[in-house]
Amino acid sequence: MSRRLRFGLFLTVAFGLLASMVGTAWAAGDPSRPRKQAELLVRLPDYCNTPDGMCLYPDGNIILAVPNVNDQSQPAVLMKITPDNKAELFYRPPLHPDTGKAFPFGICVGPNGDLFYADLQWFANPEEPNYKSRVMRIPMKDGKPGEAVVFCSGLVVANAVIVKDGYLYTSDTIMVPGSKPLISGVFRFPLDKEGVEVKRPLQEDPHLVATIESHNPDIGFGADGLTFDSKGNLYIGNFADGTLHQVKFDAQGKPQPATIFAKAPFMKSCDGIFCDLATDRIYVADSVANAIQVVTPRGRVFTLAQDPENDGADGRLDQPAEVLIRGREVIASNFDFPVPGGVNTKFEMPNTLVRIPLD
């Protein structure tokens, strides 16, 4: 064997051992150890006490849904966060004719620029589900909102919304009230089929495309955040169990049963979720653990940022409910609405949006 060949074999073995050592070191590391620290993005006005869903509008503004469930004496609003991080009032959502209240949660942008948001009417009377939750459409013209119209109605807890390939998807976080384990689901509606009233029982409505179960007896919330990856797979956050579920579609667009795609002992809940289509990493607002988790395309989980209990005033995480990516930063909304077992145990003003740099 020539000296050159022996040297080449040596390099091959050496690099193989090095790669193996690096891989082992990564695997042996603590994935729950935070990589980053959250920073203050914007302090919201005092009339915003419970920020939730967000979407990035094509003009660079973030549209933020603020249902104000912590203090319902303040009416719900939609806010605009400008590219230079100024908070401005954007829209006052219409009140439900029966409850006299509005609770905008998840929000997304349609293909023509119209906005869709979930009006989560369960908060009007949590003790008795009223099946009055709905999805609203706000027609947009030149960046200005028009009068919202009802896109679909009859849900228990309409929560997240997302548009994909001519359909609007929305999660119902308590689809079958009183079920044990809790049964929740995701509905799909054609964008050109407005004004649909979902039929009862909801689990038999033809628009239902996915169901999941939640087993945490202390938290009665199931299917929550929604996102799609670059391959067209749908992901559902299971709030109570902290599991991320995946729905694949066949060649005809028929959904396959939802399966658990990712879980970790330190991921305590899956609230809002957002897929970075450049990497297919999914960012998870872990409301219970007061953290932002990241799920890789192979289903591995690691913690991006996490904070102990705090009042949120200095830009720390304060029970994040939603995440999105703007440029090279993760932006999270601090919902600050305590749930059983959560790091956050009390609501305090002010409420904020925070940023976590990715570079």
Any chance you could count how many residues in the stretch 316-328 are under 14 Å from ILE292 (Cα atoms) and over 16 Å from the mean Cα position of the chain (by Cα)? 1
How many residues does the stretch 236-267 contain that are part of a strand (DSSP E or B), within 21 Å of PHE189 (Cα to Cα) and either open to solvent by 10 Å² or more (accessible area, probe 1.4 Å) or of a type in the set (A, V, I, L, M, F, W, C) (or both)? 6
Exactly one of these conditions fails for ASP119: (1) surrounded by fewer than 18 Cβ atoms within 10 Å (Cβ to Cβ); (2) among the acidic types (Asp, Glu); (3) touching a residue at least 12 places away in the same chain (Cβ under 8 Å). Give me its number. (1)
For the stretch 63-89, pairs from a residue that is within 22 Å of LYS346 (Cα to Cα) to a residue that is open to solvent by 40 Å² or more (accessible area, probe 1.4 Å) and aromatic (Phe, Trp, Tyr), with Cβ under 7 Å and 6 or more apart or across chains, are VAL69/PHE337; ASN70/PHE337; ASN70/PHE347; GLN74/TYR47
With the structure loaded, tell me whether HIS215 is in contact with an Asp or Glu (Cβ under 9 Å, 6 or more places away or on another chain) and surrounded by fewer than 22 Cβ atoms within 10 Å (Cβ to Cβ) or whether it fails that test. yes
Quick count over the stretch 344-359, residues being in a loop (DSSP other than H, G, I, E, B), under 27 Å from ASP276 (Cα atoms) and open to solvent by 30 Å² or more (accessible area, probe 1.4 Å), is 2
Note down all Cβ pairs under 8 Å where the first residue falls in the stretch 168-180 and is surrounded by 23 or more Cβ atoms within 10 Å (Cβ to Cβ), the second is acidic (Asp, Glu), and they're at least six residues apart or on different chains. SER171/ASP224; THR173/ASP224
Which residue out of CYS275, CYS270 is within 14 Å of the chain's Cα centre (by Cα), surrounded by fewer than 23 Cβ atoms within 10 Å (Cβ to Cβ) and farther than 18 Å from ASP30 by Cβ? CYS275
Considering the stretch 295-304 alone, what residues qualify as being surrounded by fewer than 24 Cβ atoms within 10 Å (Cβ to Cβ) and hydrophobic (A, V, I, L, M, F, W, C)? VAL301, PHE302, LEU304
Close pairs (8 angstrom Cβ cut-off, 6 or more residues apart or separate chains): touching a residue at least 12 places away in the same chain (Cβ under 8 Å) and open to solvent by 10 Å² or more (accessible area, probe 1.4 Å) in the stretch 40-57, of a type in the set (Asp, Glu) and in a loop (DSSP other than H, G, I, E, B) anywhere: LEU40/ASP314
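The values are calculated or read from the model by the stated rules, or taken from the named source; none is laboratory data. Since the structure is predicted, the reported quantities are computational estimates derived from the model, not experimental observations. Don't worry about glycine lacking a Cβ; one is built from the backbone with ideal geometry, like all the others, and counts go over all protein chains shown. Side chains are part of the model used for accessible areas, which takes the heavy atoms of the whole protein and leaves out ligands, DNA and RNA. Shrake-Rupley method; radii C 1.70, N 1.55, O 1.52, S 1.80 Å.
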